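The values are calculated or read from the model by the stated rules, or taken from the named source; none is laboratory data. None of these values were measured; they are calculated from a predicted model. What goes into the accessible areas is simple: the full protein's heavy atoms, side chains included, and nothing from ligands, DNA or RNA. Shrake-Rupley method; radii C 1.70, N 1.55, O 1.52, S 1.80 Å.
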Amino acid sequence: MGDLTQLMDNEVFRAFASYAAIILSKMMLMSTATAFYRMTRKVFANPEDCATFGKGENAKKYLRTDDRVERVRRAHLNDLENIVPFLGIGLLYSLSGPDPSIAILHFRLFVGARIYHTIAYLMPLPQPNRALGFLVGYAVTLSMAYRLLKSRLYL
């Protein structure tokens with residue numbers, strides 16, 4: 001138990017855990033947003049989901065795609081593709097003893113970039129807004145990976 005207490009005393013790890021909780025909560029909200037749009041627009045991907053709104057041929061009219069639902073779903077998928085690498089690399093990076101101010105800057109930039117990316121995706125804002133959000137988040141993850149590999153791992 002002493003090791004866990006020591007880990008929670010690590011400022012960088014606490015910051016990582018905080019920002020990871022924020023970004024994971026945001027990603028969970030995207031699931032809720034997708035479900036909300038599916039229900040309010042009566043657009044479903046699976047036949048069994050349509051049964052609530054009709055039977056047989058009547059239910060099939062709800063089995064379709066909708067541009068708005070797809071936009072929210074793609075934003076969520078993009079989160080999955082970018083947040084998972086951040087969590088893995090960020091965890092290793094936070095445990096490698098980085099400078100706290102640099103590490104916290106990395107975490108804040110990533111969370112800000114992902115939130116901005118989602119806003120740009122859902123509103124939608126014209127490009128290069130969405131690309132900027134994506135690239136900043138991606139660059140932050142690459143920067144942490146580079147710093148980790150350069151300073152702590154055997155190559």
So what J values fall out for segment 68-82 if you push phi through Karplus, 6.51 cos²θ - 1.76 cosθ + 1.60 with θ = phi - 60°, rounded to Hz, Gly and Pro as x?
5, 4, 5, 5, 5, 5, 5, 5, 5, 4, 5, 4, 4, 6, 10
Calculated from backbone phi, Karplus (6.51, -1.76, 1.60) coupling profile of segment 92-106 in Hz, x at Gly/Pro
4, 4, 5, 8, 8, x, x, 4, x, 5, 5, 4, 5, 4, 4
Got a sec to turn the phi values of segment 26-33 into Karplus ³J(HN,Hα) couplings, 6.51 cos²θ - 1.76 cosθ + 1.60 with θ = phi - 60°, whole Hz, x for Gly and Pro?
4, 5, 5, 5, 5, 5, 5, 5
5 angstrom amide H check on residue 96, placed H, neighbours 5+ away
none
Expressed as a percent, the accessible surface of segment 2-152 that is carbon or sulfur, using a 1.4 Å probe and the full set of protein chains, is 64 percent
